[in-house]
Amino acid sequence: MGTIVGIRLADGVALAADKRATDGSTVRSESVEKLFAFDGPEAGTVATGETGSIQTFGRKLDTEVRQRGTEQGSPIRIDPLSRLASELANETGVEAVVAARDTDGTARMRAIDGAGGELDEEVAARGTGAEFALGQLEGMDRGVPVEEAADVLESIFERVAERDTETGADCTVWTLADG
């Protein structure tokens, strides 16, 4: 399953996901993509669950965001993105954290559970290493600018991977600055 996180920082939001896929106690891959960006750099999500479900969730959400962008002609905002992600999470059984700007241009994120429930959070972690990740995230200096988030989150994933065998130390990070 692995671990995904999201955090609200001083000037934006950062999302991160490990790249490990496991089957029971066997590592199947260290290169599974669990982070998806949409609408150019305007929206993003990280997802955890079964590998095929993650890929289906990311592909379907990308299609929905593209279709909405074509119809509306403007970047997707957090409310419609989280509604779309909620429906797809319920359909695919994944957990996710999504991020986009609100109508004021502030970067926001929402945690989505496997049943489609949405929570507006400042710090979120889902997956097998969530408990460890939350401990690290809550102790993190949230005054860090988004440009420095990658180094901090990579360090957190290294520590989480030491405690959770389903979480890989290698992660991908995506950031969205306030607009």
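Every number in this text was worked out from the coordinates using simple rules, so none of it is lab data. Note that this is a predicted model, so its numbers are computed, not measured. For neighbour counting, all protein chains shown are included, and Cβ atoms are generated from backbone atoms with ideal geometry for every residue, glycine included.
Overall, the range 1-101 carries a charge dipole of about 100 debye about its Cα centre when +1 sits on the Cβ of Lys and Arg and -1 on the Cβ of Asp and Glu, all other atoms neutral. Could you work out the helix-only [θ] at 222 nm for the chain, with each DSSP H run of four or more residues adding -39,500 (n - 2.57) and the total divided by the number of residues, to the nearest 500 deg cm²/dmol? Rounded to the nearest 500, the figure is -11000 deg cm²/dmol. Could you tally the net charge around Pro145, taking each other residue with its Cβ under 14 Å from the Cβ of Pro145, Lys/Arg +1 and Asp/Glu -1? Surrounding charge for Pro145 is -4.
Find out how many positive minus negative residues lie around Arg126, taking Lys and Arg as positive, Asp and Glu as negative, among other residues whose Cβ is under 12 Å from that of Arg126. Before the final figure, lay out each step's value.
On the way: positive: Lys34, Arg110; negative: Asp18, Glu95, Asp113, Glu121, Glu131.
Here the count lands on -3.
Roughly how many Å is it from the Cα centre of the range 118-141 to that of the range 1-74, as a whole number? Using only Cα atoms, the two centres lie 16 Å from each other.
Between Ala10 and Lys60, how high is the FRET efficiency from 1/(1 + (r/R0)^6) when r is the Cβ-Cβ distance and R₀ = 25 Å? Nearest 0.05. So, using R0 = 25 Å, E works out to roughly 0.15.
Restriction of the GluC sites (Glu not before Pro) in the range 87-179 to DSSP coil positions whose beta-carbon has at most 16 other beta-carbons within 10 angstrom yields Glu121, Glu122. Residues of the range 116-154 with an amide N closer than 19 Å to a point placed 7 Å from the Cα of Asp178 along the Cα-to-Cβ direction: 120-124, 141-150.
Semi-axes of the chain's equivalent ellipsoid from the Cα gyration tensor, sqrt of 5 times each eigenvalue, largest first, rounded to whole Å?
Working: eigenvalues 113, 78, 32 Å².
Over the Cα atoms of the chain, the ellipsoid semi-axes are 24, 20, 13 Å.
Packing here is the average count of other Cβ atoms within 10 Å per residue, and on that basis the peptides 35-45, 1-11, highest first, run 1-11, 35-45.
Only the Cβ atoms of Lys and Arg (+1) and of Asp and Glu (-1) were treated as charged; on that basis the dipole of the chain about its Cα centre amounts to roughly 400 debye. Based on Cα contacts under 8 Å between residues 6+ apart, the range 3-177 shows a relative contact order of 32 percent. Counting charges near Gly58 (Lys, Arg +1; Asp, Glu -1) among other residues having Cβ under 9 Å from its Cβ returns a value of +1.
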